[in-house]
Amino acid sequence: FSVGGNWYSHTTSSASVPLNTWTHIAGVFDDTANTLSVFVNGTGAGQTSVTASPQPSTNPVHIGMGWSGQSWNGRI
């Protein structure tokens, strides 16, 4: 995720993603604890500390849409 132009990520080797199967992957930022957590199919797969705080913005939130406006062909 990006906050104020700074990018944060977390990688883990504790979870496996099987081939040819839908897998739900989610990243959650807790701004109180300053942690970024990764979940694979609802199970915690790792956490890292980050120093970030929410930034005010007038930009809309887009789910299922890329940077250049390409849309995801599906439903959420």
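The values are calculated or read from the model by the stated rules, or taken from the named source; none is laboratory data. Keep in mind the model is a prediction, meaning the values are calculated, not measured. As a convention, Cβ positions derive from the backbone with ideal geometry for all residues, glycine included, and neighbour counts pool all protein chains shown. Areas reflect the complete protein model, heavy atoms only, side chains present, ligands, DNA and RNA absent. Shrake-Rupley method; radii C 1.70, N 1.55, O 1.52, S 1.80 Å.
For segment 37-59, a tally of residues being modelled with pLDDT of 85 or more, aliphatic (A, V, I, L, M) and either under 17 Å from Trp7 (Cβ atoms) or open to solvent by 90 Å² or more (accessible area, probe 1.4 Å) (or both) returns 1.
Which of the residues belonging to segment 17-31 are outside any strand (DSSP E or B) and under 11 Å from Ser49 (Cα atoms)? The one that is outside any strand (DSSP E or B) and under 11 Å from Ser49 (Cα atoms): Asp31.
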